[in-house]
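Report on the structure given below.
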Amino acid sequence: MLQENTMLKRYTFWLWTAVTLLFLTGLIHSIGLFVSPVPANDVERQLFALLMGYKQDLGAGFHRTWWDLFRALSSCFTSKTA
């Protein structure tokens, strides 16, 4: 009986540890959604300008930039983590 009780305590400890670490990971990743990237050189500046400015026709009346799609996908993954 004593051994079963200690195994249950270990199980809940590791479960709460995993939940806490997943929550912290989601919190840290969500910081990236609020920080704007700073281009380091002219090539990156041009890349960011294209990502954030070029609107592509995605059909059904949707005109989104690649940056919009990237942000939406990142926020979905972050919310799944948290």
Residue that is nearest to Trp67 (Cα to Cα) [pool: residues in region 9-46 that are of a type in the set (Lys, Arg) and at pLDDT below 90]: Arg10
Every pair of residues 6+ apart whose Cβ atoms lie under 6 Å, when the first sits in region 23-38 and is under 16 Å from Cys76 (Cβ atoms) while the second is of a type outside the set (S, T, N, Q) and at pLDDT below 85: Gly26/Ala82
Hits in region 32-70 - residues which are in a loop (DSSP other than H, G, I, E, B), surrounded by 10 or more Cβ atoms within 10 Å (Cβ to Cβ) and of a type in the set (A, V, I, L, M, F, W, C): Leu33
Candidates Thr65, Thr81, filtered to the one that is of a type in the set (Ser, Thr, Tyr) and at pLDDT 85 or above: Thr65
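The values are calculated or read from the model by the stated rules, or taken from the named source; none is laboratory data. Predicted, not measured: the structure shown is a model, and the values here were computed from it. Counting neighbours? That spans all protein chains shown, and the Cβs are built from the backbone with ideal geometry, glycine included.
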